[in-house]
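Below is one structure, written out as structure tokens, with a few remarks after it.
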Amino acid sequence: MGTDPRIDRYLAAQADFARPVLAWLRARVHAACPTVVETIKWGMPFFTHQGRPLANMAAFKAHVSFGFWDRAAMATGHEGEAMGQYGRIESLADLPAAAALEAEIARAVAVIDSGASTGRAPRAPKPEASVPDALAQALADDALATAAWTAFPPGCRREYCDWVADAKRPDTRDRRVAQTIAQLREGKRINWKYEKG
């Protein structure tokens, strides 16, 4: 597949030592997986295969990192103290030969093609928020606010509960309860001002 111009710009903005290393890593990924898709995630170049994360690379002040997304399946024996499976990469000499790296990339592609799990443990769901007494009473007195409250996902309810519970003074708590009820009556989440659309 093609290259992403955002990655071209990312590479061009890096230090002199990093540019050839990043370009070489990028070329190895494309050689090993011609169908790879490039993107930028979390501010760094990222590679995906069949819609699943494959690998990423990043440049730092004095080193580069490269790693496979499925760390459990892709232990390389090169792990170091830096992000990624190849430790602190300061030059091409810190990396395996092209054929060896391409073989490792092909192995990561095969893991994705097999449909195997990424080996990441699923997150345990957080428990339902404990509703502060003042908020619980206000909800009991307002059916419209309660309907919105019930429709919100647990994380949204938790944010309101934490905000009310964090009030240090009773008048602050009461003001937050009143604002919560007003926003709920309009179907607004706690951070509605920052939501898109």
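Every number here is computed from the coordinates shown, using simple stated rules; none is lab data. Quantities reported herein were computed from a predicted structural model and do not represent experimental measurements. Cβ atoms come from the backbone with ideal geometry, glycine included; neighbour counts cover every protein chain shown.
Below is a table of values for the structure above.
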item	result
Neighbourhood charge, 11 Å Cβ-Cβ cut-off, centred on Val37 and excluding it, Lys, Arg +1 and Asp, Glu -1	-1
Arg19/Asn191 FRET efficiency (R0 35 Å; Cβ-Cβ; nearest 0.05)	0.35
The chain: Lys pairs at Cα distance under 30 angstrom, eight or more positions apart or on different chains	12
Most positive-pole-ward Cα, Val164, Thr180, Trp192, against dipole of region 133-194 from beta carbon charges	Trp192
DSSP-assigned coil residues among trypsin sites (Lys or Arg not before Pro) in region 26-66, each with at most 13 further Cβ atoms within 10 Å	Lys61
Dipole of the chain, positive end: most advanced residue of Thr146, Ile105, Pro34 [Cβ charges, Cα centre]	Thr146
Projected label distance in nm at Ala143 and Ala93, using a 7 Å step from Cα toward the beta-carbon	7.8 nm
Size of electric dipole in the chain: Cβ of Lys, Arg +1 and of Asp, Glu -1, about Cα centre, debye, nearest 20	380 debye
Loop-exposed GluC sites (Glu not before Pro) per DSSP, neighbour cap 16 Cβ within 10 angstrom, longest uninterrupted part of the chain	1-78
